[in-house]
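These notes are about the structure you will find just below.
Bear in mind these aren't lab numbers, they're just calculated from the coordinates by the rules spelled out. Model, not experiment: these values are computed from the prediction. Don't worry about glycine lacking a Cβ; one is built from the backbone with ideal geometry, like all the others, and counts go over all protein chains shown.
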Amino acid sequence: MTQEELFKSLIAHAKEYGFIFQSSEVYDGLSAVYDYGQLGVELKNNIKKYWWDAMVRLNENIVGIDSAIFMHPKIWEASGHVGAFNDPLIDNKDSKKRYRADVLLEDYIAKLEEKIEKEVEKGKKKFGETFDEAQFRATNPNVLRNRVKADEVTAKMNESLNSGDLEAVRQLIIDCEIACPVSGSRNWTEVRQFNLMFSTQMGSVSEDAGTIYLRPETAQGIFVNFLNVQKTGRMKIPFGIAQIGKAFRNEIVARQFIFRMREFEQMEMQFFVRPGEEISWFEKWKEARLKWHLALGLGESKYRFHNHEKLAHYANAAADIEFDFPFGFKELEGIHSRTDFDLSQHQKFSGKKMQYFDPETNENYVPYVVETSIGLDRTFLAIYSSSYCEEKLENGEDRVVLRLPAFLAPVKLAVLPLVKKDGLPEFARKIMDDLKYDVNCQYDEKDSIGKRYRRQDAIGTPFCITIDHQSLTDNTVTIRYRDSMEQERVPVDNLRKIIEEKVSMRKVLEQI
Ligand code: GAP
């Protein structure tokens, strides 16, 4: 199965089992907007808790807030979002379809990279053990031609985007002979900047009406509350403020399922530090955040850092943690050293001081900020996609299993009476009624035990306990493990301890 087919299957699976639905599906859907179903919301809440506990509970100098989505419109002028939160767009005159000009070029570059990798694979097959990959990449004419082209287009694209030369961006699309995927034509309009913020009106009387924006990031809610939190919480620098919440962006290229959405959730933390100490904190947070990811156990090879060469005007260091999604390595989290840009801008636009008096140095200053910003939906997709598995069993049967980290699984334990009679359901219910206070349990007595195991495998339930006739006589049950499918007989009295230990978030948090 190709990665593309696997991705399609997991999207279908997410819908079939109540993880993720297309928003407004009965009205044919709303593009790039999704609803989380009964299991999706549980997994999402567990991810949030993992992040919140790691950031807020485990760090005495980090506190959380929950700021409003609507904020004073001047905030977005100060932050630069009104003026510069834009995507370069281009329309195809024949299909009337709109594209992000930079994405058309990135896709073109990605195709060249794919050609290079295919050529290398061919070489590997042809030369077997004697294959010298470095030499092949340095000498093979097809590889070299595509390498030069990819580098040239990347350099020209970056140069024209960074200098805001939209005509040069258009020319590059034409020079690369990029055609519209729908009409197949190269009949392009000029490239225009398009602001990504959604706006609406506030106020019930038209004269009072003012344009306000749905926040495109949660971070600004933290910046404008910096002094409130610092003063009321008696926080001393260095300290952090964390927040989980919705953000909205009118993404034009909305695809790859929940990777790029118009309404999504961010988990952001702004860490306020002394000027001059930001780079060492930036390095510390890079390391800490990677550890958080690795403790999920999805595999070290799934992650890599991408250090930004070209920095935004307000940053003096920036890196992404990229994840190996089914469509390749893409940004999952950003760690940015944002200098004093945001607080200084709010000081300027609001006329209110955004300074901190440092009792250790006897100085007033605008703190510098190191930000960690991770998409909750992207984290969901990272975990979901690397847990999704289609397996052929030894007995020839197929099974779909979601190998979710046990502590994040929506349902931790399924309670299954072997048959629907002889007092087994009552016995099972008693166990469920006790354990439901500790972990999320699901009771199921319908269909054969095999079918019930498959259903639980498909939703990622790490443990099923089966109650049989022996249970009534010796007060034991079998635990069946999702990943190994092994079964073990255990006393009912030990169940809580066994399960709690296996699904403990504490153990994972202790690793970070
Ligand atoms: N405050 C900094 C900030 O918002 P960003 O790189 O624009 O930085 C941070 O966004 C994270 O939010 C990204 O790494 C990504 O995980 C997530 N994100 C951004 N746009 C998204 C979208 N349209 N859909 C889903 N997640 C998105």
Quiz item: Measuring from centroid to centroid over Cα atoms, what is the spacing of the stretch 326-343 and the stretch 82-158 in Å?
Solution: 23 Å
Quiz item: With contacts defined as alpha carbon pairs under 8 Å and 6 or more residues apart, what's the relative contact order of the chain in percent?
Solution: 14 percent
Quiz item: What aspartates and glutamates sit close enough to LYS392 to cross-link, taking a C-alpha to C-alpha distance under 15 Å and skipping anything fewer than 8 places away on the same chain?
Solution: ASP457, ASP483
Self-check item: PHE305, PHE136 arranged by Cβ crowding within 10 Å, fewest neighbours leading
Solution: PHE305, PHE136
Self-check item: Kirkwood hydrodynamic radius of the chain, from inverse mean 1/r over distinct Cα pairs, in Å
Solution: 26.3 Å
Practice problem: May I ask you to sort ILE479, ILE374 by Cβ crowding, counting other Cβ atoms within 10 Å and putting the fewest first? | Solution: ILE479, ILE374
Practice problem: Starting with the fewest neighbours, write out TYR368, TYR388, TYR27, TYR303 ranked by other beta-carbon atoms found within 10 Å of each beta-carbon. | Solution: TYR27, TYR303, TYR388, TYR368
Quiz item: Using alpha carbons only, how many degrees (0 to 90, rounded to 10) separate the axis of helix 101-127 from the longest principal axis of the chain?
Solution: 60 degrees
Practice problem: Mind checking which aspartates and glutamates have their Cα closer than 15 Å to the Cα of LYS246? Skip sequence neighbours fewer than 8 apart in that chain. | Solution: ASP35, ASP66, GLU217, GLU263, GLU265, GLU268, ASP377
Quiz item: Looking at the stretch 197-322, what % of the alpha carbon pairs are farther apart than 27 Å?
Solution: 35 percent
Quiz item: Using mean Cβ contacts within 10 Å as the protection proxy, how do 404-411, 431-438 order, highest first?
Solution: 404-411, 431-438
Quiz item: In sequence order, what are the phi-derived ³J(HN,Hα) couplings for the stretch 48-61 according to the Karplus relation 6.51 cos²θ - 1.76 cosθ + 1.60 with θ = phi - 60°, rounded to whole Hz, with x for glycine and proline?
Solution: 4, 5, 4, 5, 4, 5, 5, 8, 8, 6, 8, 10, 4, 9
Quiz item: Within the stretch 393-510, what percent of beta bridges assigned by DSSP are antiparallel, to the nearest 5?
Solution: 55 percent
Exercise. Keeping to pairs on different chains or 8 or more places apart, tell me how many lysine pairs in the stretch 435-512 have Cα atoms under 25 Å apart.
Key: 7
Quiz prompt | Crossing angle, helix 141-162 versus the chain [Cα axis fit, 0-90 degrees, rounded to tens] | solution = 70 degrees
